[in-house]
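**Student:** Please see the structure below; I have some questions.
The values are calculated or read from the model by the stated rules, or taken from the named source; none is laboratory data. Just so you know, these numbers come straight off a predicted model, no measurement behind them. Ideal geometry is used to build each Cβ from the backbone, glycine not excepted, and the neighbour counts take in all protein chains shown. Quick note on the areas: whole protein, heavy atoms, side chains included, nothing else; ligands and nucleic acids left out. Shrake-Rupley method; radii C 1.70, N 1.55, O 1.52, S 1.80 Å.
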Amino acid sequence: MKKLLLGNEAIARGVYEAGATVAAAYPGTPSTEITENIAKYDEIYSEWAPNEKVALEVAIGASIGGARAACAMKHVGLNVAADPLFTASYTGVNGGLVIFVADDPGMHSSQNEQDTRILARGAKVPVLEPSDSSECKEFTKAAFKISEEFDTPVIVRLTTRVSHSQGMVEFAERENYQLKPYEKNVSKYVMMPGMAKRRHPVVEERTLKLAEFAETSHLNRIEWGDKKVGIITSGITYEYAKEVFGNASYLKLGMVHPLSQKLIKDFAKEVETLYVIEELDPVIEEYCLQLGLKVIGKSKLPLVGEYSANLLREKLLGEKVEKTNEITEEAPVRPPVLCPGCPHRATFYVLKKLKLNVSGDIGCYTLGALAPLESVDTTICMGASVGVAHGMEKARGKDMARKTVAVIGDSTFIHSGITGLIDIVYNKGTSTVIILDNSITGMTGHQQNPTTGFTIKGEPTRQVDLLKLCQAVGIDRVRVCDPFDLVGFEKVVKEEIAADEPSVIIAQRPCALLKHVKYGPVLTINQDKCTKCRMCMRLGCPAIVDRGDHIEINATQCVGCDLCPKVCKFNAIEKAGGQNE
Amino acid sequence: MSNLNIMIVGVGGQGTLLASRILGDVALSSGLDVKVSEVHGMAQRGGSVVTYVKMGEKVYSPVIEKNEADIILCFEKLEALRWIDHAKKDATIVINNQRIDPMPVIIGKAKYPEDIINKIKADYNNVVDVPALDLAKKCGNTKSVNVVMIGVMAQHSQIKKDVWVKAIEKTVKPQFLEVNLKAFEAGFNYVAGK
Ligand SMILES: Cc1ncc(C[n+]2csc(CCOP(=O)(O)OP(=O)(O)O)c2C)c(N)n1
């Protein structure tokens, strides 16, 4: 049977066909759908872990326990999981262990553009890189085999275009994989200096064996064509190169770490001009340079952003594709926005009104940095808001904490905000942290998390009580408040930043896109009452539109959340009837 | 034979993903190689979104670039303007005449361009201008704009109607099937200028 699947769906299918029985992950674009789709298979236990480190540890445990185990994350997630990764490289595996890491060249949905191959090389684990959905599935199955054969975790590196493109995939049966026996093996699984010293040489030897394997593995293939031009490439850039160079010769690498010395040299010998085409860092290129090969790569191609066929045409062949129309008008940009009805809007409206410094974090609420809310001062990585607020206080004194708050989403707080909060308590900080509890992991498309009360499969489970959690780490001032109660919320924020001790405000209101949230009817502006003071415009709601001579509410966008009437001093915003889902 | 390249452009939340799933299913039934490239994540929050659907004997890059699209389905006028450079000169360009203001326009930092559809018509011969939102409303759900647009496209395609209907039946949730089939009919029977 052939089906059209996203790269991520194909990975999930591969995990299933490989007979894996455990999967753990933390969401992150563009990797999220891998685990969402794995969760659809009843044969596989799957979970959203609180963060990537825990997810990988769960997968490592499952592997040591004898199962084939999968773990998925976005590129920056691997930073969080780097600690277990680097040592799991030493312990090796029992059941196969495969980690799917999705990079985001072009930063469609990320805060940086790091290249997973660099971390993987540091951790000394092999990396496979598929270039379409069909390979996503095949490479996944190959990765489990390599993992067991070479006793190593294996990384499958994806990029946004591979993860989020659908292609044809042929289905196969699920392998009837039997759990490997579990045996206590201290010298392999207890990494204290005495044992680790004996494991490190094993890792180095393994890398040599893997490089040997790469010479003949079907994952790497040569497509001979015209030998005037030879191209070494992998992943999605193979597809772009094929569009541009057609019948040239290709060395398509499916295994991008370790690299295959002889294969590369032999290929290079045969061709006149040799290009290395890879997005982000020059990993293959630098290896070729080490081998003394003359290649054209980053001298012409960018280190930043996503590639495309046209980019290769322009940079490598000097052919620029010109536009063929006479239209000169520029389209104004359309950045993402907080949705109509978003609870975060109310929070930022108040923070802006109070002119506070806001150390921000990662989630939908990062959009609070954009006009007109423009409240967020910093965004670094998940969980950073809390430590950053504390650091600002320690740099500039307690006065700073009197006009600063950290904002952090519920999922992000559990991911890595809680440790920052413990730091504030322990080291006598007086910062105020606002947890934006919208009852879901919003940004990545509505995943459950430990605060929502449901598992990845939608089963009810024990819910982390944020209030008790904050109290337990030593925060005496914890307040729960609805940000849509603008007056009450403002009062609470003022009181808590004024307090000379650490405090937490749990701003509680569910995401407007959750099914159980029922707003409505939609609102309209009574033009007779409206004085065009434009207070409502300060909310930055995409449903409220300034037409110049009047302000109106776009009835197809409005969800009737009733926030804007609260900022209108003239009671000009009224219910219109009609309902949007 | 060269590929058939179709783009769907719109605003995050307009249902472009569902439209691309329907198109993907139709493409699959052609027996050709197919790739569909989508946008997930951040841009889905009201940002500018684009989907590429490519079919042919062998498809490599999933992305459609400048002057390469045979068909562009534009769910919103400004997005039509943004992506028009991707159209071939003889492309079929279906534009929903809906206007959704982006935040820079809403807050007065940028102007929404005037008369977009006529500007595009001046340069391209096959432009179909559709009041898809009104048609969707008449069918009972403003969310079905996406399937109205698919209907208009189906009318201009060589693919049989029942292939489209089957793809819709497979793709949309059962509780929304009736309204979406109505929306498809509305698009399929829409005659420009009426
Ligand atoms: C280390 C890391 N993992 C994952 C992500 C992807 N990511 C960005 S925001 C987010 C979750 C946001 O959820 P929450 O904190 O609940 O805020 P919301 O979006 O619901 O407002 C995730 C998983 C990331 N940026 N960094």
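**Student:** About the Cα centre, and with charges only on the beta carbon of Lys, Arg (+1) and Asp, Glu (-1), how big is the dipole of chain B? Nearest 20 debye, please.
**Tutor:** In total the dipole reaches around 320 debye.
**Student:** Taking the alpha-carbon set of chain A, what are its Rg and Dmax in Å?
**Tutor:** 26.6, 82
**Student:** Any idea how far the Cα center of the range A:395-417 sits from the one of the range A:460-527, in Å?
**Tutor:** What the calculation gives is 15 Å, centre to centre.
**Student:** Mind checking which of A:573, A:473, A:536 is farthest towards the positive end of the range A:459-581's charge dipole, using Cβ charges of +1 (Lys, Arg) and -1 (Asp, Glu) about the Cα centre?
**Tutor:** In the range A:459-581, that residue is A:573.
**Student:** On a full-extension model of 0.36 nm per residue, what is the gain between residue A:185 and residue A:266, subtracting their alpha-carbon distance, rounded to one decimal in nm? If you can, show how the numbers build up before the last one.
**Tutor:** Values: separation 81, 0.36 × 81 = 29.16 nm, distance 4.21 nm.
Length difference between fully extended and current span is 25.0 nm.
**Student:** Tell me whether the range A:325-429 comes out rounded, prolate or oblate; compute the Cα gyration tensor, take square roots of the eigenvalues as a ≥ b ≥ c, and use a/c under 1.5 as the rounded threshold.
**Tutor:** Verdict is prolate for the range A:325-429.
**Student:** Still on this model: So if I restrict to the alpha-carbon atoms in the range A:126-201, what is the Rg, and what is Dmax, the biggest pairwise distance, in Å?
**Tutor:** So, for the range A:126-201, Rg and Dmax equal 16.8, 49 Å respectively.
**Student:** Right, next: If you take every DSSP beta bridge fully contained in the protein assembly as shown, what fraction is antiparallel? Give it as a percent rounded to 5.
**Tutor:** 35 percent
**Student:** Hey, which of these cross-link pairs are over 29 Å Cα-Cα: A:265/A:298; B:88/B:109; A:323/B:35? If you can, show how the numbers build up before the last one.
**Tutor:** On the way: A:265/A:298 19 Å; B:88/B:109 32 Å; A:323/B:35 24 Å.
Long pairs (Cα-Cα over 29 Å): B:88/B:109.
**Student:** Bin width 10 Å, alpha-carbon pairs only: give the P(r) of the range A:2-216 as whole percents, running from 0 to the bin holding the largest distance.
**Tutor:** 9, 38, 38, 13, 1, 0
**Student:** Something else now. Given springs between every Cα pair under 10 Å in a Gaussian network model of chain B, which of B:98, B:44, B:158 has the largest fluctuation?
**Tutor:** Judging by the Gaussian network model, the answer is B:158.
**Student:** Moving on. Only residues of the range A:127-158 count here: report those whose backbone N is under 11 Å from the spot 7 Å along Cα→Cβ of residue A:221, or say none.
**Tutor:** Counting only backbone N, you get A:135.
**Student:** Ok, one more. Using r as the Cβ-Cβ distance of residue A:480 and residue A:145, and R0 as 45 Å, what FRET efficiency do you calculate, to the nearest 0.05? Mind showing how you got there, number by number?
**Tutor:** Numbers: r = 51 Å, r/R0 = 1.14.
My answer for the efficiency is 0.30.
**Student:** Let me ask something additional. Over the C-alpha atoms of chain B, what are the Rg and the largest Cα-to-Cα span, Dmax, in Å?
**Tutor:** Both quantities, over Cα of chain B: 15.7, 49 Å.
**Student:** Another question, if that's okay. Give the residue from A:111, A:45, A:95 lying farthest towards the positive end of the charge dipole for the range A:2-216; charges sit on Cβ (+1 for Lys and Arg, -1 for Asp and Glu) and the dipole is referred to the Cα centre.
**Tutor:** A:95
**Student:** Over chain A, what is the relative contact order in whole percent, taking alpha-carbon pairs under 8 Å and six or more residues apart?
**Tutor:** Averaging sequence separation for qualifying contacts and normalising by length gives 11 percent for chain A.
**Student:** Assuming 0.36 nm per residue, please report the length gained on full extension of the stretch residue A:42 to residue A:289 beyond their Cα-Cα distance.
**Tutor:** Contour length minus the Cα-Cα distance gives 84.1 nm.
**Student:** Going by the alpha-carbon gyration tensor, a ≥ b ≥ c the square roots of its eigenvalues, is the range A:270-311 rounded (a/c under 1.5) or, if a/c is not under 1.5, prolate (a/b greater than b/c) versus oblate?
**Tutor:** Judged from the Cα gyration tensor, the range A:270-311 comes out oblate (a/c at least 1.5, b/c at or above a/b).
**Student:** Ignoring ligands and nucleic acids, what accessible area does residue A:164 show with a 1.4 Å probe (Å², nearest 10)?
**Tutor:** Taking all protein chains as shown, residue A:164 has close to 0 Å².
**Student:** If you put +1 on each Lys and Arg Cβ and -1 on each Asp and Glu Cβ, how big is the dipole of the protein assembly as shown around its Cα centre, in Debye rounded to 20?
**Tutor:** Charge dipole, the protein assembly as shown, about its Cα centre: 940 debye, nearest 20.
**Student:** Two decimals is fine: what's Rg over Rh for the range B:1-68, C-alpha atoms, Kirkwood radius as Rh? Kindly include the intermediate steps, with their values, before the conclusion.
**Tutor:** Details: Rg = 12.1 Å, Rh = 12.3 Å.
My calculation of the ratio gives 0.99.
**Student:** Kindly provide log₁₀ I(q)/I(0) values, in the same order as q = 0.09, 0.10 Å⁻¹, from the Debye equation applied to equal alpha-carbon scatterers of the range A:231-365.
**Tutor:** After summing over all Cα pairs, the log10 values are -0.49, -0.56.
**Student:** On to the next question. Got a number for the accessible area of residue B:70? Probe 1.4 Å, square angstrom, nearest 10.
**Tutor:** Solvent-accessible area, nearest 10 Å²: 30 Å².
**Student:** Sequence gap at least 6, Cα distance under 8 Å: using those rules, report the relative contact order of the range A:221-316 to the nearest whole percent.
**Tutor:** Contact order relative to length: 31 percent.
**Student:** For the range B:44-133, with equal point scatterers placed on the C-alpha atoms only and solvent neglected, what are the log10 I(q)/I(0) values from the Debye formula at q = 0.13, 0.26 1/Å, to two decimals?
**Tutor:** For the requested q values the scattering log ratios are -0.47, -1.38.
**Student:** Once label points are set 7 Å from the Cα along Cα→Cβ at both residue A:446 and residue A:325, what is their separation, rounded to one decimal in nm?
**Tutor:** If labels sit at residue A:446 and residue A:325, their model points lie 3.4 nm apart.
**Student:** For residue A:374 and residue A:399, compute 0.36 nm times the residue count separating them, minus their Cα-Cα distance, and round to one decimal in nm. Before the final figure, lay out each step's value.
**Tutor:** On the way: separation 25, 0.36 × 25 = 9.00 nm, distance 2.22 nm.
Computed gain between residue A:374 and residue A:399 is 6.8 nm.
**Student:** Okay, next question. Let a ≥ b ≥ c be the square roots of the eigenvalues of the Cα gyration tensor of the range A:523-575; is it rounded (a/c under 1.5), or, if not, prolate (a/b larger than b/c) or oblate?
**Tutor:** It is rounded, given that a/c, with a ≥ b ≥ c, falls under 1.5.
**Student:** Keeping to pairs on different chains or 8 or more places apart, tell me how many lysine pairs in the range A:2-216 have Cα atoms under 15 Å apart.
**Tutor:** 8
**Student:** On to the next question. If the convex hull of the alpha-carbon atoms of the range A:343-508 is projected onto planes in all directions, what is the mean projected area in square nanometres?
**Tutor:** 8.7 nm²
**Student:** Along the Cα→Cβ direction, 7 angstrom out, place labels at residue A:461 and residue B:57. What is the inter-label distance in nm?
**Tutor:** Output for this residue pair reads 5.1 nm.
**Student:** Suppose every K and R has +1 on its Cβ and every D and E has -1 on its Cβ; what is the size of the dipole of the range A:221-316 about the Cα centre, in Debye to the nearest 20?
**Tutor:** Details: 13 positive and 14 negative charges, 66 e Å.
It works out to roughly 320 debye.
**Student:** Which one, A:341, A:415, A:357, is farthest towards the positive end of the dipole of the range A:340-432 when Lys and Arg carry +1 and Asp and Glu -1 on their Cβ?
**Tutor:** Of the options given, the answer is A:357.
**Student:** Tell me, what % of the accessible area of the protein assembly as shown is carbon and sulfur with a 1.4 angstrom probe?
**Tutor:** Carbon-and-sulfur percentage of accessible area, whole number: 53.
**Student:** Further question: Compute the distance in nm between two label points, each set 7 Å from the Cα along the Cα-to-Cβ direction, one at residue A:499 and one at residue A:86.
**Tutor:** For the pair residue A:499/residue A:86, the computed spacing is 3.8 nm.
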